[in-house]
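Have a look at the structure below, then the notes.
The values are calculated or read from the model by the stated rules, or taken from the named source; none is laboratory data. Worth saying up front: this structure is predicted, and the values here are computed from it rather than measured. Counting neighbours? That spans all protein chains shown, and the Cβs are built from the backbone with ideal geometry, glycine included. To get the accessible areas, we keep the full protein, side chains included, count just its heavy atoms, and leave off ligands, DNA and RNA. Shrake-Rupley method; radii C 1.70, N 1.55, O 1.52, S 1.80 Å.
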Amino acid sequence: MIVLGIETSCDETAAAVVDDNGRVLADVVLSQIEEHRPFGGVVPEIAARAHMETIDSLVHQALGDANIGFDDLDAVAATGGPGLIGGVIVGVMTAKAVALATGLPFIAVNHLEGHALSARLVEKDRVDFPYLLLLVSGGHCQLLSVEGVGRFRRLGTTIDDALGEAFDKTAKMLGLGYPGGPLVEKAALNGDAERFSLPRPMKGRPGCDFSFSGLKTAVRHAAEALPAGPLQGGDVADLCAGFQTAAAETLVDRTQNAIDIFTAEHGQARTLVIAGGVAANGALREKLGRLADVNGFQLIAPPQRLCTDNGAMIAWAGIERIKALGMDGATDGLDFKPRPRWPLDPDATAAPFAGVKA
Ligand code: KG4
Ligand code: ZN
């Protein structure tokens, strides 16, 4: 079985071809960073237009890289939400057009489910349901118990900013540019995390919710308290290191609570997966690795390329849906409406897609 996956929900236009053995036959990602850089964040209108200009050629490139034609596909999957709606519409309409022209089944994939199942694409034998998932991206920050395909229980979410959003806003404030996550991580390598005293929001409280907007504000106050004049490189490095360490310690505290809840419910299951763009951060991976060790869990972190937005995770989520529900059960109608909000856990209120808007 071979599936084409299309991803257009934020600022990456992506198309990939994946088979049911988890072989990635093609994986093309076109970043829009240069278009958004002058604005210091994602501008939804620019994103939608850029997706529209490139998605056709990207799909062709993916099929070419995989050395196949539309005839060789079994289904076409696209992110159906949540995300910046203009972009989601472009991907969904492209997939529907392919489905209509070829007769292939169309599958609308929840972007968060794409991130959630990406670990099973790379670690097929090691990631069985149920597992605990920390999903940290530019638009989302959640702890979920993943019980099966389409079966999620949300244990916690952010009450304000997503963690990637906090990284991006902190970077912008410190003049580092966009996107901020990788730049903050790089600057933090030379920084002293102890120099500034920054809060660990929510630490020690029961439950698994997050809050990052106070941390971001504390970084701003610390920067403003420095002698007037442009920030020095050493100051920026120390602020980045302090911010990253505070964020990591907060994640560890919240995830420990989630591990306790998950273990009480699922006894023997011992897998913690991290996914989403922020999961690319080496310092966070290291701290979460230690947390997993202490609790007797294995930490599964997909490779960086699969952490940030890509089409392979969307194709794979489509394949997982087909395997779990059969082709008819997995197929969506061509009247599917793109969804700006789409919670994984239907019992949890839909969080708005925070995104990183300029
Ligand atoms: O999953 P993703 O590609 O898009 C969304 O669905 O949001 O995540 C993008 C986010 C951005 O906020 C970016 O700054 C952050 O992931 N990010 C990182 C790193 N690489 C990307 N944050 C921290 N450290 C990184 N190395
Ligand atoms: Zn994402």
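Among all helices in the chain defined by DSSP H, which have a length of 27 Å or more along the axis from Cα atoms plus a Kyte-Doolittle mean of at least -1.0? If you can, show how the numbers build up before the last one.
On the way: long enough: 44-66 (31 Å, -0.01); 233-266 (47 Å, 0.07).
Both cut-offs are met by 44-66, 233-266.
Sorted by mean Cβ packing within 10 Å, highest first, what order do the peptides 305-316, 145-156 take? Mind showing how you got there, number by number?
Numbers: 305-316: 27.9, 145-156: 19.0.
In descending order of packing, they fall as 305-316, 145-156.
Considering the chain, its Cα convex hull presents a mean projected area of 17.1 nm². Which of the three applies to region 36-127, rounded, prolate or oblate, going by the alpha-carbon gyration tensor with a ≥ b ≥ c and a/c under 1.5 meaning rounded? Because a/c hits 1.5 or more and a/b fails to exceed b/c, region 36-127 counts as oblate.
On full extension, the segment bounded by Arg126 and Phe39 gains 27.2 nm, given 0.36 nm per residue less the C-alpha separation.
Just check region 69-186 against the gyration tensor rule for me: Cα atoms, a ≥ b ≥ c as the square roots of the eigenvalues, rounded for a/c under 1.5, and otherwise prolate or oblate depending on whether a/b exceeds b/c. Write down the numbers at each step before the final one.
Values: a/c = 2.21, a/b = 1.41, b/c = 1.57.
Verdict is oblate for region 69-186.
Put simply, when 227-238, 1-12, 186-197 are sorted by average Cβ atoms within 10 angstrom per residue, most first, you get 1-12, 186-197, 227-238. Each pair of Cα atoms in region 129-301 enters the Kirkwood radius, and Stokes-Einstein at 10 °C and 1.306 mPa s then converts it into a translational diffusion coefficient of 97 µm²/s. Spatial offset of region 43-108 relative to region 120-187 amounts to 24 Å, using the alpha carbon center of each. Find which of Leu58, Gly80, Pro182 sits farthest along the positive direction of the dipole of the chain, computed with +1 on the beta-carbon of Lys and Arg, -1 on that of Asp and Glu, about the Cα centre. It is Pro182, whose Cα lies furthest towards the positive end. The gain in end-to-end length when the Leu231 to Ala101 segment is fully stretched comes to 41.2 nm, 0.36 nm per residue minus the alpha carbon separation.
Counting only DSSP beta bridges whose two residues both lie in the chain, roughly 60 percent are antiparallel. In terms of the mean number of neighbouring beta-carbon atoms within 10 Å, the peptides 61-67, 178-184 order highest first as 178-184, 61-67. Measuring nothing but protein heavy atoms, the accessible surface of the chain at 1.4 Å probe radius is 51 percent carbon and sulfur. For the pair region 240-308 and region 195-209, the centres of their Cα atoms are 16 angstrom apart.
Extension gain for the segment Asp56 to Asp347, taken as residue separation times 0.36 nm less the Cα-Cα distance, is 101.1 nm to one decimal.
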